[in-house]
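Report on one structure; see the data block that follows.
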Amino acid sequence: MLAPALRGQLLSISASSLNRRLQPIRARYPHSKHGGTKPGSLLKQRIPIRTHNGDVNRPGFIEADTVAHCGGALEGSFVWSLMFTDIFSGWPLNRAVWNKGAHGVVRQVKELERRLRFPLPGFDSDNGPELLNWHLHAWLHKRKQPAGWTRAREYCKNDNAHVEQKNWTHVRQLLGYERFDNPKAVAAIDDLYDSWFDLQNCFMSSVKLLEQQREGSTIHRRYESPTTPYQRLLASRSLAVEMSKEIQAHFQTLDPFQLKQDVECKLRRVFALNQSPRP
């Protein structure tokens, strides 16, 4: 219990006077030593804005983003999807996260990197607090092979166009705009993503923009032939031989027809869990 005199002083002090008196204490505990999910100006200053697409001639430069499965209402607890997209190959991967807290997001970022078939030299994200936090900053910069971290401009989704496009084609078209507020759905969605992305990465082709030129008011674009992310990775000269063999061995175990059946079965399980009573 506070003494009456001290309590009276605390209740009567102004916010500006309190802030002034706390400045010497704050100086001894810089913000970088504290964990938290809210990004401050100091953290933003440490992460440069990306002004190009990185080294698009080799895999490993990742765009990351999150998708809310909130049913249109951000109140309460629900599932989020954390998405990686490789700029060079278009190779996407997803994991589900409950409530997108900093610790949970970093844990799934590590899991996504483990599932990648190549190193992670570059990491690019938007300015969302689930990614722009000190936990992720420490993990990217204090490991044996630090990853270069850049961020997009605020409110400029085109800066992360590769992953933003996949948010629609690989998340919304699969799970829609339903609200998933059952914690058991996290493991079920992760299991669904395992089959879904094997199908998408190894058997679903896409086109990639190679160059564009403006001639007056007309923009001329040239695209590569339709290619799967799997084929782009194998064609990469920078991919290690061991990794290339590992990718090919995994590909040999896959059956697209079975994967399609697995996706449909797992998708029904996800939506069934969403209708079940909450714990």
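The values are calculated or read from the model by the stated rules, or taken from the named source; none is laboratory data. Please read these numbers as outputs of a predicted model, since none were measured by experiment. Here the Cβ positions follow ideal geometry from the backbone for every residue, glycine too, while neighbour counts run over all protein chains shown.
The residue that is farthest from residue 56 (Cα to Cα), counting only those in the stretch 235-277 that are of a type in the set (Gly, Ala, Ser) and surrounded by 15 or more Cβ atoms within 10 Å (Cβ to Cβ), is 244.
Could you check the stretch 141-169 and list, in sequence order, the residues that are in a helix (DSSP H, G or I), surrounded by fewer than 17 Cβ atoms within 10 Å (Cβ to Cβ) and of a type in the set (A, V, I, L, M, F, W, C)?
Of everything in the stretch 141-169, those that are in a helix (DSSP H, G or I), surrounded by fewer than 17 Cβ atoms within 10 Å (Cβ to Cβ) and of a type in the set (A, V, I, L, M, F, W, C) turn out to be 161, 168.
Candidates are the residues of the stretch 197-234 that are loosely packed, with under 11 Cβ neighbours inside 10 Å and small (Gly, Ala, Ser); the one that is nearest to residue 90 (Cα to Cα) is 225. Number of residues in the stretch 175-189 that are aliphatic (A, V, I, L, M) and either at positive phi or surrounded by fewer than 16 Cβ atoms within 10 Å (Cβ to Cβ) (or both) equals 1. Mind listing whichever residues of the stretch 85-131 are under 17 Å from residue 194 (Cβ atoms) and either part of a loop (DSSP other than H, G, I, E, B) or among the acidic types (Asp, Glu) (or both)? The answer is 91, 111, 113, 116, 117. Among the residues making up the stretch 51-108, those that are touching a His at 6+ places or on another chain (Cβ under 9 Å), at pLDDT 90 or above and not hydrophobic (A, V, I, L, M, F, W, C) are 63, 81, 85, 86, 90, 92, 94. Which of the residues spanning the stretch 97-121 are surrounded by 19 or more Cβ atoms within 10 Å (Cβ to Cβ), in contact (Cβ under 8 Å) with a residue 40 or more places away in the chain and under 24 Å from residue 251 (Cα atoms)? Selection gives 109, 117, 118, 120. Taken over the stretch 150-160, the residue count meeting the criterion of being out of contact with any Leu (no Cβ under 8 Å at 6 or more places or on another chain), in contact (Cβ under 8 Å) with a residue 40 or more places away in the chain and not hydroxyl-bearing (Ser, Thr, Tyr) is 4. With the structure loaded, tell me whether residue 172 is surrounded by fewer than 19 Cβ atoms within 10 Å (Cβ to Cβ), over 26 Å from residue 229 (Cβ atoms), touching a residue at least 60 places away in the same chain (Cβ under 8 Å) and among the basic types (Lys, Arg) or whether it fails that test. When the stated conditions are applied, residue 172 does not pass them.
What about residue 196, is it without any contact (Cβ under 8 Å) to a residue 12 or more places away in the chain, assigned to a helix (DSSP H, G or I) and within 19 Å of residue 68 (Cβ to Cβ)?
For residue 196, the condition - without any contact (Cβ under 8 Å) to a residue 12 or more places away in the chain, assigned to a helix (DSSP H, G or I) and within 19 Å of residue 68 (Cβ to Cβ) - is not met.
Does residue 244 fit the bill of being touching a Gly at 6+ places or on another chain (Cβ under 9 Å), modelled with pLDDT under 95 and more than 30 Å from residue 178 (Cα to Cα)? So residue 244 fails the test. Scanning the stretch 54-81 for residues that are without any contact (Cβ under 8 Å) to a residue 40 or more places away in the chain and under 15 Å from residue 162 (Cβ atoms) gives a single hit, 56. Among 77, 81, 89, which is under 10 Å from the mean Cα position of the chain (by Cα) and polar (S, T, N, Q)? Matching residue, one of 77, 81, 89: 81.
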